[in-house]
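For reference, the structure discussed in these notes is given below.
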Amino acid sequence: MGIKTECVKNFFKKPSTKNYPKEKLEAYPHFRGKIKYFNERCIGCQQCFKNCPANAITFYKKGRIDFDMGKCCYCGLCVDVCPVAAIAFTTEFEYADNDKKKFIVK
Amino acid sequence: MHDFTIPVGPQHSSMKEPMCLRVKLDGNTITDAWMRLGYVHRGLEKILENKTVIKALYIAEHTCGICSFTHSLCFIRAVEGMLNINAPKKVNVLRVITAELERVHSHLLWFGFAMHEIGFDTLFQYAMRERESILEVFERITGNRVHHSFNKIGSVRYDLTSGDKIFILEKIKEVENKLPLYFSTVTKNKVIHARLISVGIINQFEAKKFGLVGPFARGSGVKIDVRKDDPYAAYKEADFELVTEKGGDAFARLIVRLREIEESIKIVKQMIKALGDEPIPKPLPSISLPNAEGYGRVEAPRGENFHFYRIENSLVTRGKIKTPTFINISVIPHLLKGKTIGDIPVILSSLDPCFGCMERIIVVKNGKEEVLKEDEFRYKYC
Amino acid sequence: MNLDINTAKIIGFLLIIPFAVLMDGVRRKAVARMQNRVGPPIWQPFFDLIKLYQKKSSDSLAEKNVFFKIIPPLYLITTLALFVFIPLKVVSFKYDFLLLVYLLALESALFVLAAFASNSPFGVIASMRELTLMVCYETIFAIVILTLFIFNNITSLAGLTQSWQLIKLPIAAVCFFYVMLTETRTTPYDTVEASPEIMAGAESEFSGKGLMFLELAKMMKLTFFAMLSVALFFGYFNLLAFLSLTILIVLALGFWHATTCRYKVDQAFNKLIFVFIFALIEFIRIRFIVW
């Protein structure tokens with residue numbers, strides 16, 4: 001079987017790629033996407049702030065923490081370390097923007 | 001025709017990352033070539049300093065985008081050596097599975113780009129299609145497609161469920177079914193032969209002299225592979241062949257990499273069989289380390305990775321990362337001499353360069369570059 | 001000279017431009033499907049051209065060069081002029097073989113000039129490659145056309161009435177196919193604009209309207225060669241058959257593009273020399289052995 005037969009076969013087959021903005025792939029449940037922060041659960045222990053390798057977290061006070069997704073390296077340390085599960089990953093991955101302020105999750 | 005110099009880079013379509021390569025031409029023939037690096041220097045070793053080990057693991061992982069897992073594995077090997085932790089067998093097996101899947105994905109990516117450089121866009125598309133199935137596996141088992149952050153000290157992030165095992169085997173099968181197509185195309189297509197055979201020849205003696213590593217050296221018949229020479233994780237139990245080819249040209253490297261995909265798939269299958277039922281240990285919450293120095297080396301898809309760390313008061317105070325491209329790139333001007341312009345992308349891509357992970361240090365003093373010998377450098381900056 | 005102009009022909013002549021753009025879209029879509037991907041919509045080239053037309057041209061130093069500015073429109077007009085012979089036969093001369101060959105050579109020469117004027121080392125290399133290959137493929141083209149003219153005993157393309165010459169002149173057809181590959185910049189003979197090697201040659205310096213003219217000319221060249229090959233080797237039955245055969249040729253070129261990779265310039269030259277010899281053999285054969 002050579003490349004020529006493969007090409008002819010694929011010509012009549014359904015393409016393997018998706019027509020992206022119209023059809024989308026589903027992310028798997030483990031996927032580490034945009035962070036979600038439940039500020040009512042937060043106890044202000046600062047563990048996430050201390051553990052972040054990318055310095056993406058700014059701590060103001062209990063219940064008010066900024067996560068800069070532009071800096072985030074998606075390592076998941078803040079989620080692992082939080083004692084009250086106030087931080088969680090969602091499977092959302094499409095948040096490209098021209099405005100840097102929109103990367104900040106509050 | 002006059003001889004003149006053409007710039008291949010920093011922005012050039014035959015390179016996916018910036019590197020300045022100047023090529024002096026006499027007609028169609030290259031008489032001289034020299035290069036300048038440092039466009040993507042990120043100061044990664046400096047960032048590593050004064051970080052706790054748990055943080056440093058994820059920074060070390062971000063050395064490279066394509067072979068990120070091997071960098072974290074290298075870090076783990078160095079730190080676990082210092083801490084005298086022996087990770088349980090299951091953890092090691094999981095690490096080997098991820099590392100080998102990463103090799104498959106890296107080689108497929110390389111194969112696609114190498115074919116794109118000589119104008120075979122169809123094989124590029126097919127290679128990307130096969131790579132996608134590997135990336136889906138990564139997304140499912142590690143949680144991310146590129147920077148997996150799968151390793152933890154003494155453990156890994158997730159265990160494999162039985163559904164995951166079937167999923168991996170399915171996706172691996174998809175790649176395996178397509179490999180004969182690539183082999184037959186590459187070995188039969190006359191245009192590929194005309195472009196790749198006896199281009200960029202480096203013989204075994206020269207390969208040893210330049211200290212080449214990885215598939216680049218294996219294409220010249222040098223038997224060098226950390227997985228065999230200094231087995232880590234669960235590679236001792238794995239039964240695989242050390243692939244070497246005798247040609248030493250771009251075509252031999254192509255064949256080496258394609259055959260390595262086969263071997264990697266073989267290893268993944270063995271490892272999934274060897275996977276036990278016991279649960280994986282919980283990662284250590286906080287680590288207090290003795291003041292120590294340690295190193296780790298692993299076989300990345302491009303060759304040998306070497307990490308050195310010094311730890312004082314539980315903080316990393318010095319990190320040294322040596323990536324395979326840093327060694328292999330030195331041979332490029334030597335290979336280019338006497339070739340034609342059409343050979344530049346072939347030779348460059350046959351090296352599989354990764355400039356982002358390679359660039360480590362620039363010493364600039366009084367506006368001039370400083371040339372240092374190895375000992376001087378160690379004395380001054382380490 | 002024989003001018004045959006009426007309203008229908010002028011409309012047909014103007015319709016060729018959107019048809020050529022559409023053909024490029026068809027080729028792209030076909031290649032995409034062969035590569036197992038969705039690919040751009042068929043009308044994507046229209047959007048590309050409109051976008052390029054709206055763009056400002058770059059501040060390249062070459063913009064000061066007069067040649068650099070006037071060559072893209074000239075290139076487009078020369079390509080458009082090729083369609084005068086095929087398929088509508090608006091103008092027919094008594095000996096139009098010479099004019100056809102001359103126009104094609106002029107087009108290549110304009111490309112070379114543009115590359116030299118582009119003030120870029122890659123452009124110079126591209127023009128060198130174009131000149132090297134031009135020596136071969138223009139000669140082959142001339143020989144193939146001459147073979148056809150002598151075989152049919154005609155002096156003008158308008159006099160070509162025989163169909164299915166593919167069977168009578170198979171070697172000439174194959175040689176013509178190789179010329180077509182080189183002229184339409186299809187692999188394995190797209191050395192002139194090899195993007196990983198020399199950054200698409202001169203084109204990397206052009207921008208805005210100039211690039212739009214060049215792109216449009218390239219699309220029209222593809223359609224012209226497809227139409228010419230149908231007219232020469234299949235014959236003109238009716239409009240529908242003619243256009244569908246043209247689409248088939250375009251698909252064949254797309255298939256060739258998908259299943260081969262690029263030769264280096266010296267290898268391409270060596271291969272074309274062989275084609276040249278075969279074209280000569282065919283030229284000599286028709287005088288002695290005819291079936």
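A short reminder: the numbers here are calculations on the coordinates, not readings from a lab. Just so it is clear, the model here is predicted, and its values are computed rather than measured. Note that we place each Cβ from the backbone using ideal geometry, even for glycine, and neighbour counts take in every protein chain shown.
So the values come out like this:
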| item | result |
| --- | --- |
| Too-long pairs where the Cα-Cα distance tops 24 Å, listed order kept, from A:K102/B:K282; A:K9/B:K190; B:K165/B:K188 | A:K102/B:K282; B:K165/B:K188 |
| Value of D in µm² per second that Stokes-Einstein yields for the stretch C:2-288, Kirkwood Rh from Cα pairs, at 37 °C (0.692 mPa s) | 168 µm²/s |
| Gap separating the Cα centres of the stretch C:116-143 and the stretch C:248-291, nearest whole Å | 18 Å |
| Convex hull per residue volume in Å³, alpha carbons only, for chain A | 161 Å³ |
| Cβ-isolated cysteines (cut-off 4.7 Å), chain A | A:C7, A:C42, A:C45, A:C52, A:C72, A:C73, A:C75, A:C82 |
| Highest-fluctuation residue, A:P21, A:P83, A:P29 considered, GNM on chain A with Cα pairs under 10 Å | A:P21 |
| Prolate/oblate/rounded call for the stretch B:112-254, Cα gyration tensor, a/c under 1.5 rounded | oblate |
| Gaussian network model of chain C, Cα within-10 Å springs - most flexible of C:S57, C:S127, C:S118 | C:S57 |
| Per-residue Cβ neighbour rank within 10 angstrom, fewest leading, A:L77, B:L275 | B:L275, A:L77 |
| Unit charges on C-beta of K, R, D, E only; dipole of the protein assembly as shown, Debye | 1220 debye |
| Relative contact order computed over the stretch B:234-319 (Cα-Cα under 8 Å; 6+ residues apart), in percent | 18 percent |
| Residue order, fewest to most beta carbons within 10 Å, for B:R103, B:R129, C:R287 | C:R287, B:R129, B:R103 |
| Residues in the stretch B:316-356 reached by a label modelled at B:N291 [backbone nitrogen below 14 Å; 7 Å Cα→Cβ] | B:316-318 |
| Inter-label distance, nm, simple model (7 Å from Cα along the C-beta direction), C:E63/C:F274 | 4.7 nm |
| Most mobile of A:K62, A:K14, A:K34 in a GNM of chain A (Cα contacts under 10 Å) | A:K14 |
| Spatial separation of Cα centroids for the stretch B:25-84 and the stretch C:146-222, in angstrom | 48 Å |
| Positive-end extreme of charge dipole, the protein assembly as shown - chosen from B:V53, C:G123, C:L110 (charges on Cβ) | B:V53 |
| Within-12-Å neighbourhood charge of A:R64 [Cβ basis; K, R +1; D, E -1] | +1 |
| Eligible aspartates and glutamates near A:K22 by straight Cα distance, threshold 18 Å, same-chain separation 8 or greater | A:E92, A:E94 |
| For the stretch C:239-291: rounded, prolate or oblate by the Cα gyration tensor [a/c cutoff 1.5] | oblate |
| Cα centroid separation - the stretch A:1-66 against the stretch A:92-106, whole Å | 12 Å |
| Relative contact order (%) - the stretch B:44-321, alpha-carbon pairs under 8 angstrom, separation at least six | 30 percent |
| Other protein chain Cβ atoms within 10 Å, averaged over every residue that makes up B:113-125 | 6 |
| Only Lys, Arg (+1) and Asp, Glu (-1) charged, at Cβ; chain B dipole about Cα centre in debye | 300 debye |
| Peptides ranked, highest mean first, by Cβ atoms within 10 Å: ranges B:217-223, C:159-165, B:182-188 | B:217-223, B:182-188, C:159-165 |
| The stretch A:3-48, Cα convex hull volume normalised per residue, Å³ | 154 Å³ |
| Fewest-first ranking of C:I284, B:I172, using other Cβ atoms within 10 Å as the exposure measure | C:I284, B:I172 |
| Shielding by partners, peptide B:134-140 (average Cβ within 10 angstrom, other chains) | 2 |
| Whichever lysines have a C-alpha closer than 19 Å to that of B:K223, once near sequence neighbours (fewer than 8 apart) are set aside | B:K208, B:K209, B:K236, B:K246 |
| Cα-centred dipole magnitude for the stretch C:2-288, charges only on beta-carbon of K, R (+1) and D, E (-1), debye, nearest 20 | 500 debye |
| Environment charge of B:P353, counting only residues whose C-beta is closer than 9 Å and scoring Lys/Arg +1, Asp/Glu -1 | 0 |
| If the convex hull is drawn through the Cα atoms of the stretch B:44-321, its volume per residue in Å³ | 122 Å³ |
| Relative contact order (%) - chain C, alpha-carbon pairs under 8 angstrom, separation at least six | 28 percent |
| Cβ neighbours within 10 Å from other chains - mean over B:344-356 | 1 |
| Unit Cα scatterers, Debye sum, the protein assembly as shown: log10 I(q)/I(0) for q = 0.05, 0.06, 0.11 Å⁻¹ | -0.32, -0.46, -1.27 |
